[in-house]
Amino acid sequence: GAWWLEADMRLECFDAAWGGTAFVSIVMLIVYTAGLPIGIALWLRSRRSTLDTDETRQELGFLYELYGTGGGQYLWEVVELVRKLALTSLVLFFSAGSPFQVCFALVLS
């Protein structure tokens with residue numbers, strides 16, 4: 001039997017149009033969820049020698065000023081971004097309201 005999209009029963013799942021949309025969606029999901037933290041980390045790392053200059057502070061300071069610039073502290077916002085991403089996405093894999101989901105969310109927060 002055929003599978004149909006519950007939100008719009010005129011749309012069949014797993015046909016050619018669905019496959020194209022699913023492919024683009026998966027690629028963008030990976031690019032956004034992995035690419036954003038990696039991109040920010042690489043951008044900050046490439047500018048690490050100039051993090052104390054006024055120009056870099058104006059451009060990127062919102063990403064590292066709370067944490068400092070020494071010893072890799074400037075990357076802490078990337079860690080926070082990944083933590084928030086995990087908190088908002090990984091908890092969806094557990095049964096809603098289950099003790100495991102609640103514990104997982106508490107550990108991440």
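The values are calculated or read from the model by the stated rules, or taken from the named source; none is laboratory data. Note that the coordinates shown come from a computational prediction; the quantities given were computed from them, not determined experimentally. Cβ atoms come from the backbone with ideal geometry, glycine included; neighbour counts cover every protein chain shown. Surface accessibility is based on the protein's heavy atoms, side chains included, excluding ligands, DNA and RNA. Shrake-Rupley method; radii C 1.70, N 1.55, O 1.52, S 1.80 Å.
Within the range 68-84, being modelled with pLDDT under 90 and either in contact with a Pro (Cβ under 7 Å, 6 or more places away or on another chain) or at negative phi (or both) holds for Thr69, Gly70.
Let's see how each residue does on (1) over 30 Å from Leu106 (Cβ atoms); (2) surrounded by 12 or more Cβ atoms within 10 Å (Cβ to Cβ); (3) not β-branched (Val, Ile, Thr):
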position	(1), (2), (3)
Ser46	yes, no, yes
Asp52	yes, no, yes
Glu65	no, yes, yes
Gly71	no, no, yes
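Of everything in the range 74-91 that is open to solvent by 90 Å² or more (accessible area, probe 1.4 Å) and touching a helix residue (DSSP H, G or I) at 6+ places or on another chain (Cβ under 9 Å), the residue that is nearest to Leu106 (Cα to Cα) is Lys84.
Results for (1) in a helix (DSSP H, G or I); (2) among the aromatic types (Phe, Trp, Tyr), shown as yes or no for each residue.
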site	(1), (2)
Tyr67	no, yes
Tyr74	yes, yes
Leu87	yes, no
Cys103	yes, no
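Residues in the range 12-38 that are hydrophobic (A, V, I, L, M, F, W, C) and open to solvent by 90 Å² or more (accessible area, probe 1.4 Å): Phe14, Ala16, Trp18, Phe23, Ile26, Met28, Leu29, Ile30, Ile38.
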